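Written out below as structure tokens is the structure these notes cover.
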Amino acid sequence: MKKMCFAVLLLCATASFAMPIASSARAMVPSELQQLIGVDYRALKDSPTAQALKDKVMPQNLKDLETALKGIGISSDRDLDQLDFASFRTEKKGIQTIGVAQGSFSAKAVLKKMKLKKISGVKYGTATIYPMDSGLVMTFLDDNTLAFGEEASLKSALDTRDGKRPSLDSNPVMSEQMAAVDSGPLWSVLDQQGTQAIMMSAMGDAAGKVGDYDSLKKRIQASRYTMSFQTGVNFDLTVQTADSMTAATLSTVLKGVILYKKMGASKDEKTAYDSATVDSDGSNLQLHFKSDDQKFQALMSTPLFAAVSH
């Protein structure tokens with residue numbers, strides 16, 4: 001599911017306007033949110049860069065999702081407008097993930113086709129859950145919105161909607177992260193543990209050379225990012241930390257990591273590193289990446305891109 005979420009990030013960051021998560025979908029997201037990704041799916045078919053990315057990084061589980069939707073009469077190319085993915089933590093079942101699809105499809109039309117195929121649903125609380133291909137299940141939230149995932153994950157989300165467990169609105173840190181980016185064309189928010197893991201991976205061996213890095217890591221609180229392909233490729237990451245000293249220290253370390261990795265990089269990879277800027281603003285670490293389409297497509301053929309996307 002991590003690969004699927006990253007692929008969605010790459011494939012769908014081409015929209016020219018925002019489409020925030022539907023209120024019916026937001027109500028299903030538990031407070032223990034790990035990551036939430038909101039993407040506009042409509043731009044896929046109109047962007048050569050997006051299509052190149054799709055061919056390069058689309059994992060099997062995303063293909064399975066498209067197959068499952070097709071099995072209930074929904075075409076990813078024709079009928080989907082928006083896809084949202086929420087990963088959340090649970091005490092007994094680890095990380096669970098649900099997806100929410102919005103589009104021009106109609107619940108009545110889909111259910112009619114399912115009835116003709118003798119596919120029936122099972123009641124769960126106030127919802128009716130229907131089987132899909134690839135072992136997934138789904139339920140309609142309204143006539144143009146459906147939620148899907150593994151059965152246990154979808155039931156956890158429905159329990160949240162029905163007030164049986166705390167929702168995202170009771171998590172002020174993640175709610176504030178969302179408010180800062182959900183007007184963007186493609187956006188995502190990540191919780192403390194997820195952000196710490198990403199920063200640790202980005203720093204690599206350099207993390208071990210930072211004095212008392214474990215203490216520094218604990219002061220990393222959350223992150224958010226947006227991506228757009230409107231005028232080339234633009235990626236903006238903001239990491240929220242506890243104070244300006246932490247943000248400045250992380251900025252210095254990341255700048256050093258970039259300089260070090262450039263030394264052994266290929267020409268296209270060096271261009272990518274040169275296109276990235278790192279700075280701090282108050283308690284926030286900020287990373288910005290900008291490239292034109294031609295340079296970015298060249299980057300897709302490098303080992304650096306393969307390492308990041310897989």
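Nothing in this text is a laboratory measurement; each read-out follows from the coordinates by a stated rule. Since the model is a prediction, treat every value here as computed from it, not as a measurement. Neighbour counts run over all protein chains shown; Cβ positions are idealised from the backbone, glycine included.
Counted by neighbouring Cβ atoms within 10 Å, the residues 70, 115, 155 run from fewest to most as 115, 70, 155.
Over 26 Å apart at the Cα level, from the set 108/164; 70/92; 217/261; 217/267; 262/290; 112/164, are 108/164; 70/92; 217/267; 112/164.
Put a dot 7 Å past the Cα of residue 294, heading toward its Cβ, do the same for residue 95, and the two dots end up 3.8 nm apart.
Extension gain, residue 117-residue 276: 0.36 nm per intervening residue step, less the Cα-Cα distance, totals 52.1 nm. Once the chain from residue 180 to residue 259 is taken as fully extended at 0.36 nm per residue, the excess over their C-alpha distance is 25.4 nm.
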